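Trainee: There's a structure below that I have some questions on.
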Ligand SMILES: [Fe+2]
C-alpha cells in the first residue's frame, strides 16, 4: 500500500485534530509539542517492518494509531452494552493509550526505529521492507513509548499506564504476571488494558487483511474461499500465454492481444528478446 502526500497530510491532520479535541491544559500543550517535534519523522513511520504483518509502509504508524482509536471507541460502546465495568475510565483515557501505545516505533529523539531496507531482494522476495537502526539501545516498543512521553513531561494516570503497558496482552512474555497473577489482589482492577489489547489486536488484523486480500499478496487468500476466482485467474493467464505465443510468430501484435497481455509480454521479453525469439522460431 502506498499513501499519496495528500493522504499522509490528511492522516496527520486527523491525529492533530483528535489531540486538540480530546486533551486539555498542560497535557494537551505537551502532547502537541511532542507531535511537532516528531512531525517530519512520525508522518513517514511504518507500523511494522514486514509487508505481511501490518502497515509496513510510510504513514503506516499514523494509520495504525487512528485505526486502533476507531476500534477502541467502538469496543468501548460494546463493553458498556455488554455490562463490562467501564466507569473508571473515559474517552480521554482510551485515546491517550491508543495514540501512544506504539510510540516507541518512532525511535528515540535522534534516530528512527525503522530504516528502509536497501536490499531489493529482501523487499521483493521476503517482504522485509524495513530494518532496525542499530544506533538505538535495545528496548521494547512499550518501554520506549513511556520513556519518550517522559521526555516531553507528558503525565499519565495509573490506569492509563497499565493499559498502555499491557496493550500487547499475552503476546508479550513480561505481561504474564499482570494477566495470570495468582491471588485475588492481583486481578486487574480495570478493563482498560483488555479494551486496548482487543482494539490493537483487531485493528492490526484488519490492517493485515488489507494486504492479504490485495493484489500485493503472494498467497491468493481470496481464492482459498472462492475457487471460481482461481478458475478465472488461471483462464486469464492461459489466454495471456496464448496471446504471447501468437505475438511471437507475427510481425504485428495481433488485435486479439489484450492490453494486459501486451503489458505482460513487454515486461517479460522486451523488444530485444522478442526479436531474438522470433528469429529462433523461424
Ligand atoms: Fe499497535
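The values are calculated or read from the model by the stated rules, or taken from the named source; none is laboratory data. Quick caveat, the model's predicted, so the values are computed rather than measured. Here Cβ is always computed from backbone atoms with ideal geometry, including for glycine, and neighbour counts include all displayed protein chains.
Trainee: Looking only at the stretch 200-212, count every residue that is in contact with a helix residue (DSSP H, G or I) (Cβ under 8 Å, 6 or more places away or on another chain) and within 16 Å of the ligand (Cβ to nearest atom) and tell me the total. Please lay out each step first, then the result.
Mentor: Start the filter on the stretch 200-212 by keeping residues that are in contact with a helix residue (DSSP H, G or I) (Cβ under 8 Å, 6 or more places away or on another chain), which leaves 200-204, 206-207, 212.
Add one more test, that the residue is within 16 Å of the ligand (Cβ to nearest atom), and what stays is 200-204, 206-207.
The qualifying residues number 7.
Trainee: From the residues in the stretch 48-67 that are modelled with pLDDT under 95 and within 15 Å of residue 104 (Cα to Cα), which one is farthest from the ligand (Cβ to nearest atom)?
Mentor: Only one residue fits best here, namely 49.
Trainee: Of the residues 8, 32, which is over 18 Å from residue 100 (Cα atoms), more than 14 Å from the ligand (Cβ to nearest atom) and part of a helix (DSSP H, G or I)?
Mentor: Details: 32 fails: over 18 Å from residue 100 (Cα atoms).
Testing whether each residue is over 18 Å from residue 100 (Cα atoms), more than 14 Å from the ligand (Cβ to nearest atom) and part of a helix (DSSP H, G or I) leaves just 8.
Trainee: While we're looking at this one, here's another question. Checking the condition more than 18 Å from residue 60 (Cβ to Cβ), touching a residue at least 12 places away in the same chain (Cβ under 8 Å) and within 18 Å of the chain's Cα centre (by Cα), which residue from 198, 191 passes? Before the answer, list the steps.
Mentor: Working: 191 fails: within 18 Å of the chain's Cα centre (by Cα).
It is 198.
Trainee: Within the stretch 171-186, which residues are within 25 Å of residue 141 (Cα to Cα) and either more than 26 Å from the chain's Cα centre (by Cα) or assigned to a helix (DSSP H, G or I) (or both)? Outline the logic, then answer.
Mentor: Initially, the stretch 171-186 is screened for residues within 25 Å of residue 141 (Cα to Cα), giving 171-181, 186.
Of everything in the stretch 171-186, those that are within 25 Å of residue 141 (Cα to Cα) and either more than 26 Å from the chain's Cα centre (by Cα) or assigned to a helix (DSSP H, G or I) (or both) turn out to be 171, 173, 174, 175, 176, 177, 178, 179, 180, 181, 186.
Trainee: Being within 16 Å of the ligand (Cβ to nearest atom) and part of a helix (DSSP H, G or I), is that true of even one residue in the stretch 213-228?
Mentor: Our first condition is that a residue be within 16 Å of the ligand (Cβ to nearest atom); within the stretch 213-228, this holds for none.
Within the stretch 213-228, not a single residue is within 16 Å of the ligand (Cβ to nearest atom) and part of a helix (DSSP H, G or I).
Trainee: Which one of 68, 62, 15, 50 is touching a strand residue (DSSP E or B) at 6+ places or on another chain (Cβ under 8 Å) and under 20 Å from residue 144 (Cβ atoms)? Working first, answer last.
Mentor: Details: 68 fails: touching a strand residue (DSSP E or B) at 6+ places or on another chain (Cβ under 8 Å); 62 fails: touching a strand residue (DSSP E or B) at 6+ places or on another chain (Cβ under 8 Å); 15 fails: touching a strand residue (DSSP E or B) at 6+ places or on another chain (Cβ under 8 Å).
Exactly one of 68, 62, 15, 50 is touching a strand residue (DSSP E or B) at 6+ places or on another chain (Cβ under 8 Å) and under 20 Å from residue 144 (Cβ atoms), namely 50.
Trainee: Right, something else. Being surrounded by fewer than 14 Cβ atoms within 10 Å (Cβ to Cβ) and outside the structural domain of residue 63 (by TED's automatic domain parsing) narrows it down to one of 218, 153, so name that one. Before the answer, list the steps.
Mentor: Numbers: 153 fails: outside the structural domain of residue 63 (by TED's automatic domain parsing).
Of the residues listed, the single one that is surrounded by fewer than 14 Cβ atoms within 10 Å (Cβ to Cβ) and outside the structural domain of residue 63 (by TED's automatic domain parsing) is 218.
Trainee: Criterion first (in contact (Cβ under 8 Å) with a residue 40 or more places away in the chain, assigned by TED's automatic domain parsing to the domain that holds residue 111, closer than 23 Å to residue 93 by Cα and touching a helix residue (DSSP H, G or I) at 6+ places or on another chain (Cβ under 7 Å)) does residue 51 satisfy it? Don't jump to the end; show me each part of the working.
Mentor: Numbers: in contact (Cβ under 8 Å) with a residue 40 or more places away in the chain: yes; assigned by TED's automatic domain parsing to the domain that holds residue 111: yes; closer than 23 Å to residue 93 by Cα: no; touching a helix residue (DSSP H, G or I) at 6+ places or on another chain (Cβ under 7 Å): yes.
So residue 51 fails the test.
Trainee: Are there helices (runs of 4 or more DSSP H) fully within the stretch 71-167 with at least 1 residues that are away from the ligand (no atom under 16 Å from the Cβ) and farther than 25 Å from residue 199 by Cα? List them. Quick ask: steps written out before the conclusion?
Mentor: Details: elements: 91-100, 120-126, 141-151, 158-165.
Qualifying helices (runs of 4 or more DSSP H): 120-126, 141-151.
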